[in-house]
Structure formats: C-alpha cells, structure tokens
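The values are calculated or read from the model by the stated rules, or taken from the named source; none is laboratory data. Predicted, not measured: the structure shown is a model, and the values here were computed from it. Please note: Cβ atoms are built from the backbone with ideal geometry, for glycine as well, and neighbour counts cover all protein chains shown.
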Amino acid sequence: MAKPYNHREIEEKWRKEWEKHPVNVNDGKKPKYYCLDMFPYPSGNGLHVGHWRGYVISDVWSRYKMLNGGHYIIHPMGWDAFGLPAENYAIKMGVHPAKSTAENVANIKKQINQIAALYDWDMEVNTTDPDFYKWTQWIFVKMFRAGLAYEKEMPINWCPSCKTGLANEEVVNGKCERCGADVTKKNLKQWMLRITKYADRLLNDLDKLDWPEKVKKMQTDWIGKSYGAEVDFPVEGREEKITVYTTRPDTLYGATFMVLAPEHEMARGLATPDMREAVEQYIYDASMKSNVDRLQDKEKTGVFTGSYAVNPINGAKIPIWLSDYVLADYGTGAIMCVPAHDDRDFEFATKFHIPIVQVIAQDGKEIENMTQAYTQASGTMINSGDWNGMESAVLKKEAPAMIEKMGAGRKTVNYKLRDWVFSRQRYWGEPIPIVHCPKCGCVPVPEEQLPLLLPEVESYQPTGTGESPLADIEEWVNTTCPVCGAPAKRETNTMPQWAGSSWYFLRYVDNKNEKELVSREKADRYLPVDMYIGGVEHAVLHLLYSRFYTKFLYDIGVIDFDEPFTKLFNQGMITGKNGIKMSKSKGNVISPDDLVRDYGCDSLRLYELFVGPPELDSEWDDRGIDGVYRFLTRFWKLVLDNKDQDVKETKEMKKLRHRMIHDITQRLENFSLNTVVSGFMEYNNKMIEMAKGGGIDRETLKTAVVLLSPFAPHISEELWRELGGSDSVFHAVWPSADQEAMADEEKEIAVQINGKTRTVVKLPVDIGREEAIAAGKEALGSKLSGNIVKEIYVPGRIINIVAK
RNA sequence: GCAGGAGUGGCGGAAUGGCAGACGCAUCAGACUCAAAAUCUGACGUAGGUGACUAUGUGUGGGUUCAAGUCCCAUCUCCUGCACCA
C-alpha cells in the first residue's frame, strides 16, 4: 500500500524547501520572460477566489515559460496603495490610511503566499512608499517641463460623495466609477495632462499589440478619431465668426441653423436684447444639470439667441440657437445643423419649427414630407448649387479641401479623447510637486528635492470645498519659490490613483535604484512586460494611461520601447451564485483560505482553472472542487503504485505519452486552461486503465508529472522526487511531442447513410478510398438500400453513402 | 440606438464543417462495510422498445452542404462596452 496523499504535509514541505532554494533563479544567461499581474490595491476585505484565479493563471503561465524555453521569470507583485479606496476604507475604520494600508498589505501578502506562486518579493513595490512616489512626482515634473501638464479652470466631473474631481474615464454612465454616486459638474482649477497630444500614437500603435480585440476596440472607440472639416460661419452684422466642426461637410448646403453649447464662450454675447433673459436662464439651467440628468433628458431643449449666422457656401441667413445637446468640450463646441440628414438636428428642427432642406436624394428622389432624417452618406446631391449631381460619398471626402480652398474653413480631425483631469482634492495621494509663485507662476519642485513628502495631517477627511485637506496645513503650504525665493504657496491637490499604476511595472526590475526611475541597462534587459494578466475593467483607464506614460518615458529617453505590455490576457470575473458580483455587502464572498486548508493549494489551483474558460465570467460553486481533489488522489496513487514496477515501454504507452504531451501543450498554448485540467483527468483515467491492463512505464509517469507541475506544483515536486528526480521538477525540460509516435495504425471510422451514422468500422489509416468505401458498405450490410448516388470518404474521418 | 460576446443534459462545461454532450459535479444502482464515510464498478439528454435498436435533440425560423452546435440570412433572449462626439 502506497502512502496516502497528504496535501498539508507535502505542501508545507515544499513551501519551505522552495523558500530556501528558489527554483526561479537569474543566472544572467537565461532569456527573460516578464509575466505580470495587475497589482492589487490592498483593501481590507482580503482576497476572494476571483482574485486567486488571476494569480493562478499568471503563475501557471510563468512556470510553463520556465519549463518550456528555460526562461528566467520576472514575476513581481506590489501594491497600488494610494487612492480613494484605501482612503475611504481608512475613514470608515477611523484609522490613518498609512496604518490601515500597511495592515492590509500584510494580510493580503499572507493570502497571496498561499497560492505558492513564483513571486519575487525582492522586487516588491508600493506606490505610497516615498522612494517610489519620488519617481511618480519626477515624471510629473518632466511632463510639466515638456508642456504636457498644465493648469486650467473649467467645469469638471465632480463626485459629491468622494468629494473630488474625476477624470472622464472615471465616470461611468454619469456615475462615479468608485462609489456609484451621480457625478455633477464643478468649476475648478485643475491640473491636466495633455494625453490628447498622444492620441494618434495611442491609436496607431494598437496594431503592434497582441491584445484581445475587444480591448483594442474599446480604446479605439474611446480615442474616437474622426475626419471632417471646420467651417467658419460669419455672424450677421458682426465681426465675429463661429467655427463649427462637422464630419459631413457634404451636407453644408442643408445647414438651416446652428447650435452652440450653453457653455460656449460666445453664447451670452450672441443674445439680442429681447432674448437676453431667456438665454441667461437657459445657460443657468444647463449649468445646474448633472450628468445623469443630461443623459436621461433625451428630449431636446434649446433657446434662440436672436442672432443669425451666414452659411458661407450659399449666403443663407440661419438662426443661432443654444442647446445642451451640443457638447462644449468636443470639436469647437458649436455645430452646423442639417436636419434633413442628422437625427438629432431633425428632432430639434421639428420641435422648434426650423426649415428642413434635403440635400442628398434618398432612393434617387427628394422626399416631400420627411418623417425622419436620412443619415446615410450615399446618394446624389440636390439643392446644393455647384455640388448638385455629385455623389455624397465622394463629396464627403473631397468637401474639406474644397471648403479650405474657398477660404471658408479647413480640413481637420477630431478625437473623443479628452485631456486627463489629474488633480484630486483628497489627502491620500502623491502631492503634486508644484509651487505657485506670485511672480514666476507655476514652478516645479526641483528634482533634487523630490520626493515631496505627503505631510502628516490631523484631519485627512475630504473637505468638499474643492480644496484638498492639505490646504489647511499652513506650515506646509507656505514655502518659498524655488526660482526667485519669494514667499509662495504649494499646490495642495494630490494625484489620482492612476499616477502610480501608470508606470509601476517599470520599477519592479530596479526597485532600489535611488538615482534613476529605472536604469537603462536593466530596462533594456528585463522590459517590457511580455504578458500582462488582469481584468477587463481597466481597458480605457489603467491600460490607456500606462501606454501614455510609457510613450512619454520613451520620448524623454528613459526607456527604449514605447508600448508597455506586449501581450495582454483578460481573465473573466468569478461571481457568486446567479452571476452576482462578490462583495462583502452581499455576503457572497468566498475566501480561498478554508479551501486551501481543506483541499490544499494544488487542488484549489486546479479548480480555479477548471470552473470555466479563463476569459469568461464563471459562477463559483464549491462542490466541484471534490472532483479535482479526487483526480489528484488518483494520480498520486497511480504514480506511487507503479513507479517501481519496472514495466517495459510498449508502443501503446509511447503513443499515449506523446498524445498527452501534444494535447496538454496545445491547450496550454491556446490558453484553454479549463480543458488542460480536463485533459489531465482524461489521461489520468487512461493511464490508470493501462496500469490495470499490463502496467505503465516510468517514463510516461515522469512526463505526466512534468506536465502537471505548472498547475499543481507541490504534488508534482513530491512525485518527481519519488520517481527519482534529484533536482527540482522545475528544472526539468518541457517534453515535446513526437508526431510519429502519436500516429495510429488503425482508426475507427463512422459509416453514414445520408449523413446519419449507422455503424463504425476499424480501418488501417493508409487504406485507399475504394477499399475504405467497400469496407464501409460491407459493414452496413442490409441497412444499405436504394440507389447509391454518391460516396464520400474523408480519410481518418468518415464514410458517407448517399442513397435514394 | 451603435458595437462586441454568448445561448448545448439537473449543473459547470467539451467538440480543426465529419459518431453532439469529452471531463467533472449532482443523482441512481451495485461492490466493500455491523453501519456510515472514503474508495471501486456501472447507469445517467428526451420519447418508444425486454432487447440489439429506433426516432428525436445544441434559443427560434429559413438556407448552403454528402454532412451544420460550428458557415450564411432573419429573429428572440441574456451579458459587456459605448452612448446626443455633429
């Protein structure tokens, strides 16, 4: 009788051994492979089984790359510890965020260590560590000097619950991404990052990336590049012109009115005396609307300014309106309206009785009473002066140049991407290293004075006034100008959580460097990230910001690559019952701790993968873990019972072995990790059957152990030693499949009549077509009747007799 | 509204256009046991038949094909993202 599988004993034994003698060592010769997890923010709730899955996936991949290719694996872990969640948690618990963060880090680290992943804690980083945020601030100073960071007063997204401004990317359906409160507008002086300057590169370089198409598309849509023209409309009786942006310059003749956003700088001035009161009222009302209201009120509202503009193409006098369906911060904040060919303009024109002029023939004709806009750019131009008879689709492309030629505008492109609102009116973040000097203006803190430490403060609760809690600390705020020495004030806003996470992956490989963010030598050797694993929720946040930062650092020569993450994998979410997201408030959080205790780390690792395809969401159900535990127990017994039997390898065993190598490797390469686990079960069953039959050879068992090792490291290491391995299984070489050894001599072939399987025949694989069909017919016997119309033979697959 | 993904047994899920339901969970029966657990063996889409078998079956309706879960068209439902971006 073999000794029973005692997961606790084995896992503890190898955990200690690996701690003493790490299996992943850098000898300076091996090729590197950088496999990265999105680092967690250390919340007080600890890890649940969903977090585990991501870390298991990355560790399996890391160990596979170690075995297959002999890589030195860079697999670090750190803490995204600044920001709202950490601060909100601290406020709730009534402790200082630094303290609660440290506690949470310690707790989660303990949990992460249960995964038995290859994490190299020497590389650990923490975004709240001054040695780390020194460089977060350093990047900001560099951006400021490059003109990429600037101050601007404007109405920004404001979360009344978190009491801070938010970036565009942090507003989801008009609500705060973090807390779900309705986002309002607030006029604040803000630090902005000019990410829009990188819009084209961020868009074009997506082509270089091995990322899920979904994420690429989300970023493409978010950047939202469009081609069109700016057209200048003179205001009647005045010097000024109103410039609009349009993607449909072909419809210029159909512009019968124009609309400005209520926030447009010319909005007030355009009001004629009799309209002044109504215009003021409308502008005021619009300013009071929250994002949610603005999204929900689909019904168009608006007010006529009393002024008219002149359509530069035909001299038509057209009324100028204000409406909040025009966005102030996109394009020029003003549009020309072509009700015949735009749904929104049509709705507006209908409501306010503005003429509708059709300029593209629909189905070859002009429609008498339009009931809806014809929005397609296909058809012949009508009512369009010189442009009559042209094809709309052609004109759409040519019109910008034509308009430019006549001096009425210019060809242009636009992006939906907005500059990044970078200030937060909160305590728990990196202080923005800027001094406001009455004489010199905004002056960055000199680099040698960084880090600018976040001061201790008595009340770190948000003030809600639009000022950060730092503003109350006079001895900190009052300073002198680094340039002229005059009394000056420090910037009191802090950076958003994304600041540290936008570049942390660069720091891991040189985390103790006091002189540089990362040494060029180490960057060249270990970066960029080869494989990045995490949830899809950061598609237009962290993943976009990181690309922006990386491109900037490339531009200033810190690194020699301009994309941070070569390959990206998005794992699905693990939910509770009925697909409900795990959360403490719903009480459906499943902690991995008990499962590790009862079933072991190896079982949980396997089960995390077995629950479903890694890229899809999966509902967690504890019961299934018994299945993988049984598998490990059966495999354990198989190996121990047969390791000393000295069975001679047969052709069948060799075939089984190579098929196993082939199937497992292929599924692994395809990232189909759930079917890798089921594959192990399948081959285990086959090996058990074989062992019962006439025994099983040692080589096959050893191969199975190596294949299993990235998934269930402890049991594999133990069995490897039982099989005579003197060194770690992780120093073994990933086996490769021999096609010849896998080949069958005979194959079972389904024999069909009219596409329905009637019987099965066993045929040599190299049989000819005629013999195969003859054998098939013979096997069918009397089932075959009628006239044979056609005979199909697909070698190794199927015989189909078509009969009438 | 637009874009993307998904719909397969009681459940999670497998299937380069070629024998649908691998693998696992649950369930049922049997073996072992004084008994239970564990373990082992077997059954397990639906309908009919003692039976070998027959019919039917991958959201719905059409189509292409010798052959469709897989390809095409239409349609329904669910999920995700974007959403007045001119």
**Prompt:** Within the bounds of the range A:178-192, is there any residue that is surrounded by fewer than 16 Cβ atoms within 10 Å (Cβ to Cβ), closer than 24 Å to A:Phe548 by Cβ and more than 19 Å from the chain's Cα centre (by Cα)?
**Reply:** yes
**Asked** Is it true that A:Ser468 is closer than 23 Å to A:Leu188 by Cβ and in contact with a helix residue (DSSP H, G or I) (Cβ under 7 Å, 6 or more places away or on another chain)?
**Response** no
**Request:** Would you tally the residues in the range A:30-60 being of a type outside the set (Ser, Thr, Tyr) and within 22 Å of A:Arg507 (Cα to Cα)?
**Result:** 12
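To keep it simple, each residue is scored yes or no on (1) surrounded by fewer than 20 Cβ atoms within 10 Å (Cβ to Cβ); (2) at pLDDT 85 or above.
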residue: A:Met681; (1), (2): yes, yes
residue: A:Glu699; (1), (2): yes, yes
residue: A:Trp720; (1), (2): no, yes
residue: A:Asp738; (1), (2): yes, yes
residue: A:Glu778; (1), (2): yes, no
residue: A:Gly786; (1), (2): yes, no
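Can you confirm whether A:Arg201 is in contact with an Asp or Glu (Cβ under 8 Å, 6 or more places away or on another chain) and more than 12 Å from RNA strand B (Cβ to nearest atom)?
The answer is yes for A:Arg201.
Could you pull out the residue among A:Leu506, A:Leu604 that is over 29 Å from A:Glu11 (Cα atoms) and either of a type in the set (Ser, Thr, Tyr) or in contact (Cβ under 8 Å) with a residue 40 or more places away in the chain (or both)?
Just a single option satisfies the conditions, and that option is A:Leu506.
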**Message:** Filter the range A:618-627 down to the residues that are within 7 Å of RNA strand B (Cβ to nearest atom) and either surrounded by fewer than 16 Cβ atoms within 10 Å (Cβ to Cβ) or in a helix (DSSP H, G or I) (or both) and list them by number.
**Reply:** A:Glu619, A:Asp621, A:Arg623, A:Gly624, A:Asp626, A:Gly627
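Taking the range A:743-765, which residues are of a type in the set (Gly, Ala, Ser) and either over 22 Å from A:His662 (Cα atoms) or near RNA strand B (Cβ under 9 Å from one of its atoms) (or both)?
Of the residues in the range A:743-765, the ones of a type in the set (Gly, Ala, Ser) are A:743, A:750, A:755.
Within the range A:743-765, A:Ala750, A:Gly755 meet the criteria.
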**Complete:** Among strands (runs of 3 or more DSSP E) entirely within the range A:407-455, at least 3 residues that are in contact (Cβ under 8 Å) with a residue 60 or more places away in the chain and either within 34 Å of the chain's Cα centre (by Cα) or buried (at least 20 other Cβ atoms within 10 Å of the Cβ) (or both) occur in A:409-414
**Item:** Boolean, A:Val611 is within 29 Å of A:Lys109 (Cα to Cα), β-branched (Val, Ile, Thr) and within 16 Å of RNA strand B (Cβ to nearest atom)
**Value:** yes
**Item:** Pair list, Cβ < 6 Å and 6+ apart or interchain, from the range A:166-195 residues that are touching a residue at least 60 places away in the same chain (Cβ under 8 Å) to residues that are of a type in the set (Ser, Thr, Tyr) and away from RNA strand B (no atom under 13 Å from the Cβ)
**Value:** A:Cys179/A:Ser161; A:Gln190/A:Ser423; A:Trp191/A:Ser423; A:Met192/A:Tyr150
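Take A:Ala90 and decide whether it is touching a Ser or Thr at 6+ places or on another chain (Cβ under 7 Å) and hydrophobic (A, V, I, L, M, F, W, C).
Considered against the rule, which asks whether it is touching a Ser or Thr at 6+ places or on another chain (Cβ under 7 Å) and hydrophobic (A, V, I, L, M, F, W, C), A:Ala90 comes out as yes.
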**Asked** How do the helices (runs of 4 or more DSSP H) wholly within the range A:7-117 filter down when requiring 2 or more residues that are under 27 Å from A:Gly429 (Cα atoms): which remain?
**Response** A:49-67, A:84-93, A:97-113
**Message:** I'd like to know if the range A:644-661 contains one or more residues that are hydrophobic (A, V, I, L, M, F, W, C) and within 11 Å of RNA strand B (Cβ to nearest atom).
**Reply:** no
**Message:** Looking at the range A:39-53 only, could you name the residues that are surrounded by fewer than 20 Cβ atoms within 10 Å (Cβ to Cβ) and either modelled with pLDDT of 90 or more or small (Gly, Ala, Ser) (or both)?
**Reply:** A:Ser43, A:Gly44, A:Gly46
**Request:** Within the range A:372-421, track down each residue that is within 30 Å of A:Glu151 (Cβ to Cβ) and of a type outside the set (Val, Ile, Thr).
**Result:** A:Arg410, A:Asn414, A:Tyr415, A:Lys416, A:Leu417, A:Arg418, A:Asp419, A:Trp420
**Request:** Scan the range A:771-802 for residues that are farther than 30 Å from A:Glu652 by Cβ and acidic (Asp, Glu) and jot them down.
**Result:** A:Glu791
**Prompt:** How many residues, within the range A:617-644, are out of contact with any Leu (no Cβ under 9 Å at 6 or more places or on another chain) and under 17 Å from A:Val60 (Cβ atoms)?
**Reply:** 1
**Request:** Just name the residue that is surrounded by the most Cβ atoms within 10 Å (Cβ to Cβ) out of those in the range A:118-134 that are within 26 Å of the chain's Cα centre (by Cα) and part of a helix (DSSP H, G or I).
**Result:** A:Tyr133
**Message:** Test of understanding: among A:Gly224, A:Gly147, A:Gly165, which residue is at positive phi and touching a strand residue (DSSP E or B) at 6+ places or on another chain (Cβ under 9 Å)?
**Reply:** A:Gly224
**Message:** If A:Glu649 satisfies all but one of (1) assigned to a helix (DSSP H, G or I); (2) touching a Lys or Arg at 6+ places or on another chain (Cβ under 9 Å), what's the number of the condition it fails?
**Reply:** (1)
**Request:** Kindly list the number of the only condition in (1) surrounded by fewer than 21 Cβ atoms within 10 Å (Cβ to Cβ); (2) within 16 Å of RNA strand B (Cβ to nearest atom); (3) part of a helix (DSSP H, G or I) that fails for A:Phe671.
**Result:** (3)
**Request:** Pull up the range A:701-713, narrow it to residues that are buried (at least 24 other Cβ atoms within 10 Å of the Cβ) and of a type outside the set (A, V, I, L, M, F, W, C), then point me to the one that is farthest from A:Arg634 (Cα to Cα).
**Result:** A:Pro710
**Prompt:** In the range A:452-462, which residues are more than 17 Å from A:Gly83 (Cβ to Cβ) and modelled with pLDDT of 80 or more?
**Reply:** A:Leu452, A:Leu453, A:Pro455, A:Glu456
**Item:** A:Gly679 vs. criteria in contact (Cβ under 8 Å) with a residue 12 or more places away in the chain, in contact with a helix residue (DSSP H, G or I) (Cβ under 7 Å, 6 or more places away or on another chain), under 17 Å from A:Trp636 (Cα atoms) and more than 10 Å from RNA strand B (Cβ to nearest atom)
**Value:** no
**Request:** Evaluate the range A:580-603: report whether one residue or more is over 30 Å from A:Gly725 (Cα atoms) and within 11 Å of RNA strand B (Cβ to nearest atom).
**Result:** yes
